[in-house]
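Reviewing the structure listed below.
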Amino acid sequence: MPPYYLTTPIYYVNDAPHVGTAYTTVNGDALARWHRLVGDDVTFLTGTDEHGAKIVEAAEAHGMSPQAWTDQTSARFIEAWERLDISNDDFIRTTEPRHYAVVQEFLQRIYDNGFIELGQYTGLYCVSCEDYYTPDQLVDGLCPVHGRAVIEMREDNYFFKLSAFEQPLLDYYDSHPDFVRPIPKRNEALGFIRGGLNDVSITRTSMKWGVPVPWDDGHVFYVWYDALINYLTAASYGSDPVRFDALWGAAHHLIGKDILKFHCVWWPAMCLAAGIAPPAEIFVHGYLLMEGQKLGKTLIQSGVVGEGDGARSLKITEVSPLALADEFGVDPLRYHLLRDISLGSDGDFSYEGIVARYNADLANNLGNLVSRVATVVHSKCGGVGPACDPDAALAGPVAEVLAAAGAAWDRWAPQDALEATWRLIGAANAELETTEPWKMDPGPEVESILGNALEVLRIVAILISPAMPSTSAEIWRRIGLGADLSAVRVPGHAAWGGYGGGGGVVKGDPLFPRRKS
């Protein structure tokens, strides 16, 4: 089993999870589940980022210590991912002792290699971004991302000599054409590098909430240089060389485009400075938008979309992933986040969009197929599933869908993989509409039609399992195969001909009762 190390960003704990963080995490989870399905030895990591000025600010606003605040808020992420059926193998918190040890060891190595030096920094700092801006980058004197006032900072800092890595990074990108994907995001990262790299501040003396600098206890590490190293901590950097070598050679980061510079420029430079290779691949996804605005904590906290006369209030169900899961179900929410938005692009999110996708794909197509087949099996075959026909016409479309879905997952395109799977559902529904087995007398012909429909449902259950694990298991149970798909692997188990018949087919309530718009 080849290793596959997949990571999401670690999420900042100055507030609760929102639909934007759920979007990233659900996509990461579906990709991890797919790689398990093809037989990879997956390690899937997510977690929380718990240091920095924003955390101190949020904790003080709630009358709590930073540690108490991070304990409380990190627990909300753990709860959210459990509710959304996220199958992470590790959950890292940057306040853990294991992470402190790795941060200090890794950055000590960069310091010993001569790429960190003391200097004085004066700059315009946005607390929300945890980043500095030049005056020209501000919009009306405010942070261009958050629209809040910046703070002029002046203090002694240690600097990472990022400028020394302009050419090494260009050389690395040239020799690793798939390092950053999709191509527009790769070109954006190259644009940052070619535009010239300045040395960057990596420590603070103005606060104490952070990982102490091992060679100068008056400083703590700046949040990004602490946070990025979480990927090494979970891969056992410095403690288990064999495990680290295996995982780090198979490391794949899934990130949002707002943190592209940190991951695609700073992070590979840090790795090169420490004498290790950068991760194998970084995939950059777009924003989840609501009426043109990025979904995030600011939007949730304000509860408003738009400005001035065009502003309107939001319902909580439009921004809370757990409220949406309560209203629609976990799997329908996961399906919407995976199906409606191409992972590398920006995409619109709306309550109305979830309802439309739910009714069209889940209630009318998949749910209807499951219900229809079970009903006719009971009326024509005594509730016992007949075997499929090994030479059925549907075998051809199945082979095409398997190939298309596999290729789509491999290129980080869950949307395309699910679209291909729904083509198969459509073909099975069309076959039933044409043959109308409910009008036939019991016998070999109707058994062949229904066996083929059950075989399609078996294959569909496998193909949707990365996106909709609970629904997959329920279909598996209803067609008489139990409820455990853990031993199933593709492509072998998804090839046509696996439904041998003889099992009891279960009728049940509609999987997806149709919803009013």
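Across the options TYR237, THR24, PRO513, the greatest Cα extent toward the positive end of the charge dipole of the chain (unit charges at beta carbon of Lys, Arg, Asp, Glu) belongs to PRO513. The stretch 128-181 gives an Rg/Rh value of 1.13, both radii derived from C-alpha positions and Rh following Kirkwood. Using only side-chain charges placed at the Cβ, +1 for Lys and Arg and -1 for Asp and Glu, the dipole size of the stretch 173-270 relative to its Cα centre rounds to 340 debye. Counting lysine pairs in the chain that sit 8 or more residues apart in sequence, or on different chains, and whose Cα atoms lie under 21 Å apart gives 19. For the stretch 151-253, the square roots a ≥ b ≥ c of the C-alpha gyration tensor eigenvalues yield an a/c of 1.5 or more together with a/b not exceeding b/c, which makes the shape oblate.
The portion of the accessible surface of the stretch 413-517 made up by carbon and sulfur, rounded to a whole percent, is 51 (1.4 Å probe; DNA, RNA and ligands excluded). Stretching ASN187 away from ASP509 to a fully extended chain increases their span by 110.9 nm, per 0.36 nm per residue minus the current alpha-carbon distance. Cα-based radius of gyration for the stretch 23-151, normalised by 2.2 N^0.38 Å, reads 1.35. If you take the Cα centroid of the stretch 186-202 and the Cα centroid of the stretch 211-255, the two points sit 21 Å apart. For the stretch 44-112, taking the reciprocal of the average inverse distance between every pair of different Cα atoms yields a Kirkwood hydrodynamic radius of 13.5 Å. Annotation: the antiparallel percentage among DSSP beta bridges lying fully within the chain is about 50. One Cα centroid belongs to the stretch 428-457, the other to the stretch 470-511; the line between them spans 17 Å. Applying a 4.7 Å cutoff between beta carbons, the unpaired cysteines of the chain are CYS264, CYS271, CYS381, CYS388.
What number comes out for the charge environment of GLY47, summing +1 per Lys or Arg and -1 per Asp or Glu over other residues with Cβ under 12 Å away?
Every neighbour counted, the sum reads -3.
Overall, the chain carries a charge dipole of about 860 debye about its Cα centre when +1 sits on the Cβ of Lys and Arg and -1 on the Cβ of Asp and Glu, all other atoms neutral. Rounded to the nearest 0.05, the FRET efficiency derived from the C-beta distance between GLN72 and GLU445 at R0 = 60 Å is 0.45. Per-residue accessible area (protein heavy atoms, 1.4 Å probe) orders VAL242, VAL398 as VAL242, VAL398, starting from the largest.
Could you sort VAL384, VAL490 by their accessible area in this structure, using a 1.4 Å probe and putting the largest first?
VAL384, VAL490
Please calculate how many Å² of accessible area the chain carries per residue, with a 1.4 Å probe and no DNA, RNA or ligand atoms counted.
On the way: 20330 Å² over 517 residues.
Accessible area per residue: 39 Å².
Global dimensions of the stretch 461-505 from alpha-carbon coordinates: Rg and Dmax equal 10.2, 28 Å. When a 1.4 Å probe is rolled over the protein heavy atoms, the share of accessible surface on the stretch 1-129 that falls to carbon and sulfur comes to 49 percent.
With a simple spin-label model that places each label point 7 Å from the Cα along the Cα-to-Cβ direction, the separation between THR122 and GLU352 comes to 5.3 nm.
Overall dimensions of the chain, expressed as equivalent-ellipsoid semi-axes from the Cα gyration tensor (√(5λ), whole Å, largest first), are 48, 25, 19.
The values are calculated or read from the model by the stated rules, or taken from the named source; none is laboratory data. Source: prediction; values computed, not measured. When we count neighbours, we look across all protein chains shown, and the Cβ atoms used for this are built from the backbone with ideal geometry, even at glycine. These area figures cover heavy atoms from the full protein model, side chains too; ligands, DNA and RNA do not enter into them. Shrake-Rupley method; radii C 1.70, N 1.55, O 1.52, S 1.80 Å.
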